[in-house]
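Engineer: Here it is: the structure, laid out below.
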Amino acid sequence: MKLKQTAGRQHHAGPVTYVLLGLAALVSLFPLYWNLVAASHSGERVVEAPAPLLPGPRLFENLSFAWNQVDMGEALVNTTIVAGLVAASTVVFSTLAGFAFAKLPFRGRNVLLTLVVATMTIPPQLSVIPLYQIITDLGWVDQLQSVVLPSLVAAFGVFFMRQYLLEALPVELIEAARVDGAHSLRIIWHVVFPVARPAMAVLGMLVFVQAWNDFFWPFIALTPDGNPTLQVALAGLGSGNHTIDQAIVLTGALISTVPLLVVFALLGKHIVGGITSGAVKN
């Protein structure tokens with residue numbers, strides 16, 4: 001009886017919930033804060049014990065030094081191009097493939113889906129040597145296409161979009177569009193993409209962040225002095241006199257983090273709104 005009386009009421013978070021959320025926020029933000037603190041001190045002070053907990057006076061000096069030691073501007077542009085192209089292509093191709101696996105009956109669909117998912121178990125290190133031989137034969141070493149093209153689509157994205165469209169896209173909606181005379185491309189553009197928009201936003205955000213922070217393959221395909229992305233450029237920061245200035249390295253890490261924070265600050269509300277709208281069933 002008591003459950004019936006409380007059904008439908010809006011529940012409010014108690015003080016314990018706010019305390020726990022506050023602690024979680026502090027734990028999550030502390031690494032970013034300490035990165036800022038370390039970037040404002042000298043390398044000697046950063047490695048001393050106890051570590052500094054308050055900002056120092058050398059932030060702008062370290063920012064200028066890190067920006068000029070490597071071509072940070074070019075690295076930012078390159079990373080934006082690579083991450084943007086990889087995210088856009090992965091979202092589009094994964095949505096198309098996910099739609100096919102979810103709603104289009106064809107022979108061997110389950111076998112192909114199993115093979116796609118199985119590729120996620122293969123370590124990426126196994127493909128480094130043949131992939132490097134390919135880009136060498138094509139003359140793509142130290143070119144951005146050597147980083148973009150191998151990442152145009154991801155098995156995780158295909159499986160993610162397939163699972164979403166399996167529940168979110170009614171077959172009746174597709175059949176109604178076909179009855180109205182819509183061809184496949186029109187169905188994809190006017191039916192599939194609008195329904196999949198929340199999942200596409202989430203997938204795009206995840207892939208963009210992953211491509212922005214990717215280091216392993218770009219470090220092999222690109223060079224710090226040639227056409228680097230941010231993570232490759234960071235590998236050349238702070239070196240000199242047989243030592244590495246940790247403050248300069250953390251300053252570069254701070255520079256590479258700020259654009260992601262700006263993007264999420266501008267688009268976070270839309271992404272979260274897309275997630276919640278996609279989670280509600282009529």
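The values are calculated or read from the model by the stated rules, or taken from the named source; none is laboratory data. Since this is a predicted model, take the numbers as computed values, not measurements. With ideal geometry, Cβ positions are generated from the backbone for all residues, glycine too; neighbour counts draw on all protein chains shown. For accessibility, only protein heavy atoms count, side chains too; no ligands or nucleic acids. Shrake-Rupley method; radii C 1.70, N 1.55, O 1.52, S 1.80 Å.
Engineer: State which residue is farthest from residue 224 (Cα to Cα) when the search covers only segment 126-142 and only residues that are assigned to a loop (DSSP other than H, G, I, E, B) and hydrophobic (A, V, I, L, M, F, W, C). Full working, then the answer.
Structural biologist: Just the residues of segment 126-142 that are assigned to a loop (DSSP other than H, G, I, E, B), to begin with: 139-142.
Then drop every residue that is not hydrophobic (A, V, I, L, M, F, W, C), which leaves 140-141.
Working: 140: 15, 141: 12 Å.
For segment 126-142, the residue satisfying everything is 140.
Engineer: Within segment 214-226, which residues are open to solvent by 30 Å² or more (accessible area, probe 1.4 Å) and over 15 Å from residue 69 (Cα atoms)?
Structural biologist: Of everything in segment 214-226, those that are open to solvent by 30 Å² or more (accessible area, probe 1.4 Å) and over 15 Å from residue 69 (Cα atoms) turn out to be 214, 215, 216, 219, 220.
Engineer: Quick one: which helices (runs of 4 or more DSSP H) sit completely within segment 157-269 and have at least 3 residues that are among the aromatic types (Phe, Trp, Tyr)? Please lay out each step first, then the result.
Structural biologist: Values: elements: 171-179, 184-187, 193-213, 216-221, 230-234.
It comes to 193-213, 216-221.
One line per residue, one yes/no per condition, for (1) assigned to a helix (DSSP H, G or I); (2) exposed (fewer than 15 other Cβ atoms within 10 Å of the Cβ); (3) touching a Pro at 6+ places or on another chain (Cβ under 9 Å):
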residue: 23; (1), (2), (3): yes, yes, no
residue: 28; (1), (2), (3): yes, yes, no
residue: 44; (1), (2), (3): yes, yes, no
residue: 48; (1), (2), (3): no, yes, no
residue: 62; (1), (2), (3): yes, no, no
residue: 68; (1), (2), (3): yes, yes, no
residue: 76; (1), (2), (3): yes, no, yes
residue: 79; (1), (2), (3): yes, no, yes
residue: 89; (1), (2), (3): yes, no, no
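Engineer: Please tell me if residue 139 is open to solvent by less than 30 Å² (accessible area, probe 1.4 Å) and without any contact (Cβ under 8 Å) to a residue 40 or more places away in the chain. Quick ask: steps written out before the conclusion?
Structural biologist: Working: open to solvent by less than 30 Å² (accessible area, probe 1.4 Å): no; without any contact (Cβ under 8 Å) to a residue 40 or more places away in the chain: yes.
No: the conditions fail for residue 139.
Engineer: Does residue 92 fit the bill of being hydrophobic (A, V, I, L, M, F, W, C) and either in contact with a Gly (Cβ under 7 Å, 6 or more places away or on another chain) or under 21 Å from residue 236 (Cα atoms) (or both)?
Structural biologist: The answer is no for residue 92.
Engineer: Being touching a Gly at 6+ places or on another chain (Cβ under 7 Å), more than 25 Å from residue 229 (Cα to Cα) and open to solvent by less than 50 Å² (accessible area, probe 1.4 Å) narrows it down to one residue among 199, 177, 118; which is it?
Structural biologist: Values: 177 fails: touching a Gly at 6+ places or on another chain (Cβ under 7 Å); 118 fails: touching a Gly at 6+ places or on another chain (Cβ under 7 Å).
Of 199, 177, 118, the one residue that is touching a Gly at 6+ places or on another chain (Cβ under 7 Å), more than 25 Å from residue 229 (Cα to Cα) and open to solvent by less than 50 Å² (accessible area, probe 1.4 Å) is 199.
Engineer: Do you know which residues across segment 121-133 are surrounded by 10 or more Cβ atoms within 10 Å (Cβ to Cβ) and either farther than 15 Å from residue 218 by Cα or in contact with a His (Cβ under 6 Å, 6 or more places away or on another chain) (or both)?
Structural biologist: 122 - this is the single residue of segment 121-133 that is surrounded by 10 or more Cβ atoms within 10 Å (Cβ to Cβ) and either farther than 15 Å from residue 218 by Cα or in contact with a His (Cβ under 6 Å, 6 or more places away or on another chain) (or both).
Engineer: Pairs please, first residue from segment 256-281 and surrounded by fewer than 13 Cβ atoms within 10 Å (Cβ to Cβ) and modelled with pLDDT of 80 or more, second anywhere and part of a helix (DSSP H, G or I) and not acidic (Asp, Glu), Cβ atoms under 9 Å, 6+ apart in sequence or on different chains.
Structural biologist: Within 9 Å, the pairs are 261/32.
Engineer: Further, regarding this structure: Answer yes if at least one residue in segment 192-211 is over 24 Å from residue 80 (Cα atoms) and more than 25 Å from the chain's Cα centre (by Cα), and no otherwise.
Structural biologist: No, the conditions are met nowhere in segment 192-211.
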